[in-house]
Every structure is written in C-alpha cells, then in structure tokens.
Amino acid sequence: MIGTADVLLYDHLASAPIVALAPKGCERIYVGKEPEKHALSQAEINALLVERAHAHDRVVRLKGGDPFVFGRGGEEAQELVAAGVSYEVIPGVSSAVAAPAYAGIPLTHREHTASFTVITGHEDPSKSSPALNWSHLGSSGGTLVVMMGLANLDSIARELRDGGLADETPAAVIRDGTLPSQQTVTGTIATIAQDARDAGLSPPAVIVIGDVVKLREEIRWFERLPLFGKRVMITRPAANASRFASELWERGAEPIVAPTIEIGPPDDPQAARDAALAVAENDWIVFTSQNGVQAFFEQLAATGRDARALGSIKVAAIGPQTAAALADHGVRCDLMPRRFISEEIAEELLLATRPHDHILLYRAQETRDVLAAMLERAERHVRNVAAYKTSVRTDPDLPAKLRRADIVTFTSASTVLGFVQNLGKQTGAATSGKVVACIGPITAQAARDAGLRVDVEAQAYTVAGLLTALEGALQSTDSPSLR
C-alpha cells in the first residue's frame, strides 16, 4: 500500500524506513504528536484525511503499532464513514505487545500468569470522571501493560498498591521499544517510578507490571544482538545502501544513511554504450562492482536486449555483491577472485585466460589502471571502459548526521574522499570519539591519508566482512572505544 500511495499521513512513531517506502511522487505529511508538541490537532488530522481522500485515489494513514489500539484509528474511521469515504484497515503489532517482546518480557507464561490487560495511563482529559478503576486492576492477578503512563507513573503505582498490589511486584519501563535506542529499566511497583526518573527515561514508553518481568534477565534477546544500540553511518551511495542498512537493523544497530558519493554516467557514455553493444566480440567480461553490472544491463535494455547477449562469454565478478547483482539478471559468474585487489585479480584472470584473449573491463571511471596494465603486459587484449562515474555528493546535513553516529563506515576510497570534501577542515574534529571502520586496506589507507584514525579494517573486503570485523571489535577487550 505505501509503495503505491499518492498521499502518506504519518505519525511520530512511524519508522523512517517504512516512511521511505513511499514512491518518489508521494505527498508525505507529518502529523505526529509528541508530549506537549502536536504537529496538528486530532480534528485537523481528521479533516486533512477526508480532504486528501476526496482528492486522491490512494491515501495511506500510517501509524506506529496498531491503529485500533490507543491509536485513535477508530475515531478517524468514523470521520471517513461520515464523509462517505471507503477505506480498509491493515492491523499492526501494538507496542503493548511488541515492546515487552523486544525487552524479553512475555505477557503470559504458564508458570506466572494466564492473562494480560492493556490500559491507557492517559485518559481523555475531557471526561467528567475516569473510566479506569486502578484499585480493581491492582487485584486482577494478570500482567498489566500501561500505555502512555510514564508521566503519571507515581500516581498509577500508588493506586495499584492501594488496591492490593504487593510492593514487591516486579515492574518494568521500556522506552523506544523495538528500536536500537531501546532502554529498559526494571524494579518493583514500589520503586519503578523513581527508577525510571533515575535512568532519565522519557516518553514514548510502555510499562509492564507483573511476575513475568522477572523473566527478562533470562530471555532478553534484543539487547544481546552484536551491534545493539550502535548508530552506524553508511557513506556509500544511497542506491547501494539498503542491504547494508538491513544487515545493521538485524544486528540491533541503527543505520544512518549519509551517502558521500553518487553514481552517474561516465564522461564518455558512448564508449560505455558501444562496449555493451559489442560485448560478443570478447572472450571475457570483468565487472568490478554491482554498479557496473547495473550500467551494463541498462545499456542492453535500451536496445531491447538482455543477458542472452552474453552468449558463451565468460564472466568475472569482483566480489560476492557483484556476483549477486549478476545473478539477479540470470548470469552466474565463471570467476570470482578470492581477494579484491587489482594485483590478485590480475593473477587469477591470467590463470583463467590465454594470450590474445579479448577481455572487456566494465568498471568505474576512477578505477586504477593496474589491472588493465597487468593483463596487457601478459598479451591479453583489453578493452578498458568506464561504465559509470563516481562523484562527490554534497550534503549540508552530513555534520548533523555524523554527530549522531557512533561508528562511521567507508566501503571505498571514493566514499572517504566524499566524506572529507563535505567536512573540509572540520573532518578531524568531527570524527573525534567516533569509530572509523573500513572495508579493506585500500579504503583504510585512503582514510589514513585523509588524517583519520582507522579503528576497524575488514579482512574480507565485503559488507559482510566489515560487519564481522565490527562485531569482533565490539567483543574485544582491546577496543574500549567501541563499548
């Protein structure tokens, strides 16, 4: 639905990666509500939703959690009904369930409780009298989940205790549940309000009260992920960042996508086009990156051709991501060098080829000519073609993104160049206290040449290798800066 939306109205707790799924031409309207800070009132949101629904084919109202669990989705649905607007509801996972699960707190457990109750800790202030009987809830015996109750936690805890809830009843407050910034504080119903204050917790937060909280230390899993809580800056081009970002999310980190370079056509696009059209004249084609693969197949598609144009030509891919990009087009590579350094690539290509073989190098304009020169000296006929060009991407928000980051990653020497050109003389000071991680020795040397201290260098020159190196550094007692 989001991927085909004409208009997207989204809340404060709607995840940024999900908002980013909206298509380029979609009108994105922030209607979030934070404590004491509302972008729009609920009445204004209702009116806007109806107005956009009458004017557009597909309007998406994106909420955090489930729209019908303390999300005021029912009220908005009533407005649409009154305005004659048809709609559908896609249920979500309420933070009442998701946040405790990510904190390692099961809401039910056969040895502890057979029920749970979800309660608002912030009732409609216009009501003449509160609908909740906290004293009764205190004696209910099941797990209590309180939403939007942090500001009132002192009074909630007091009323529950007055209702018979024992002082030693375990309790927890979970802030930013399911996010890498998640923070969980545990205590008892008698202490939890002060415990939360001591920890500096602020909304949004979910409160869990009951014996199941005792299980957290045993079964919590999210905070044990290898990169949990780390904010990792990705400097590679935006088009190549999604897989890296997904891997970071899966390891508990928050990706900060901050591309310092961008990919565009080479200075001589005709040469790239001619080389692709005449690919059958070669015995081998060598792709040095997934961007080269993308450029090649775009050239073929422009003339109505596809992977069949390769015929019996053998294909070399520099790295598993390049091989994966080829596989997406139905092409399995014949050679993938073990290490992705020009000198070693040349050695493996020389073993796989014969003198006078014709080899097409389809690569970045900025690539070193070492590979081509070594092949030519060994009597291979090389067509060395720039398939695309890498240029610096200027981002005025880069310093702000960098301030939030704990770790800065570089996946090529060109990302280092773009980073330095964006920050200029501020580079050294801006990276002070940050961990700098590089994908391999060439990138690491470029970072050192730029005056950066390299803390982590991958042994396998891939994103997977870089992530493995980061995980190892975090576990090492020799890397206190990463802790």
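Things worth noting here:
- Take each peptide in 85-96, 172-183, count the other Cβ atoms within 10 Å of every residue, and average; sorted highest first, the result is 172-183, 85-96.
- Note on segment 1-65: semi-axes of the ellipsoid equivalent to its C-alpha gyration tensor, largest first and rounded to whole Å, are 19, 16, 8.
- Cα point-scatterer Debye curve for segment 272-368, base-10 log of I(q)/I(0) at q = 0.10, 0.12, 0.13, 0.21 Å⁻¹: -0.23, -0.34, -0.40, -1.09
- Taking only the Cα atoms of the chain, the radius of gyration and Dmax are 28.0, 91 Å.
- Label-point separation, ASN133 to THR191 (7 Å along Cα→Cβ), nm: 3.2
- Stokes-Einstein diffusion for segment 360-455, with the hydrodynamic radius set to the Kirkwood value over Cα pairs and evaluated at 10 °C in a medium of 1.306 mPa s, equals 105 µm²/s.
- Counting only lysines at least 8 places from LYS425 when in the same chain, those with an alpha carbon closer than 23 Å to its own are LYS401, LYS434.
- Residue among ILE285, GLN270, SER342 farthest towards the positive dipole end of the chain, charges placed on Cβ: SER342
- Here the chain is treated with +1 on each Lys and Arg Cβ and -1 on each Asp and Glu Cβ, and its dipole about the Cα centre works out to around 640 debye.
- Summarised in one figure, the compactness ratio Rg/Rh of segment 11-143, Cα atoms and Kirkwood Rh, is 1.02.
- If you sort the three axes of the alpha carbon gyration tensor as a ≥ b ≥ c, you get a/c of 1.5 or more for segment 413-483 and a/b no higher than b/c, which makes it oblate.
- Rounded to the nearest whole angstrom, the semi-axes of the ellipsoid equivalent to segment 160-300, taken from the Cα gyration tensor as √(5λ), stand at 56, 14, 10, largest first.
- Those lysines that a straight Cα-Cα span of less than 22 Å connects to LYS33, excepting residues fewer than 8 apart in one chain: LYS63, LYS127
- Calculated FRET efficiency for the pair ASP57/ARG224, C-beta based, R₀ 41 Å, to 0.05: 0.35
- Stretching the chain fully between ARG403 and HIS358 yields a gain of 11.3 nm (0.36 nm per residue, less the alpha carbon separation).
- Cβ charges +1 (Lys, Arg) and -1 (Asp, Glu), total dipole of segment 230-327, debye: 380
- Compared with the alpha-carbon gap, the fully stretched path from ARG339 to LEU215 is longer by 40.0 nm at 0.36 nm per residue.
- Positive-pole candidate from VAL370, THR394, LEU360, dipole of segment 360-399, charges at beta carbon: LEU360
- Selection from THR260, ALA77, HIS381, by position along the positive dipole direction of the chain (Cβ): HIS381
- Over the chain: helical MRE at 222 nm, DSSP H runs n ≥ 4 each giving -39500 (n - 2.57), nearest 500: -9500 deg cm²/dmol
- Label-point separation in nm, ALA114 to ALA378, each point 7 Å along Cα→Cβ: 7.4
- Sites listed here are GluC sites (Glu not before Pro) in segment 158-241 whose DSSP assignment is loop and whose Cβ has at most 13 other Cβ atoms within 10 Å: GLU168.
- Using Cβ point charges alone (K and R +1, D and E -1), the dipole size of segment 132-245 about the Cα centre works out to roughly 780 debye.
- Once backbone amide H atoms are built at 1.01 Å from N, ALA405 has no partners under 5 Å, excluding neighbours fewer than 5 places away on the same chain.
- Rounded to the nearest whole Hz, the Karplus-based 3J(HN,Hα) values (6.51 cos²θ - 1.76 cosθ + 1.60, θ = phi - 60°) of segment 180-186 follow the sequence x, 8, 3, 9, 10, 10, 10, with x at glycine and proline.
Only the coordinates and a few stated rules stand behind these numbers; no lab work does. Computed from a predicted model, the values in this text were never measured in an experiment. Please note: Cβ atoms are built from the backbone with ideal geometry, for glycine as well, and neighbour counts cover all protein chains shown.
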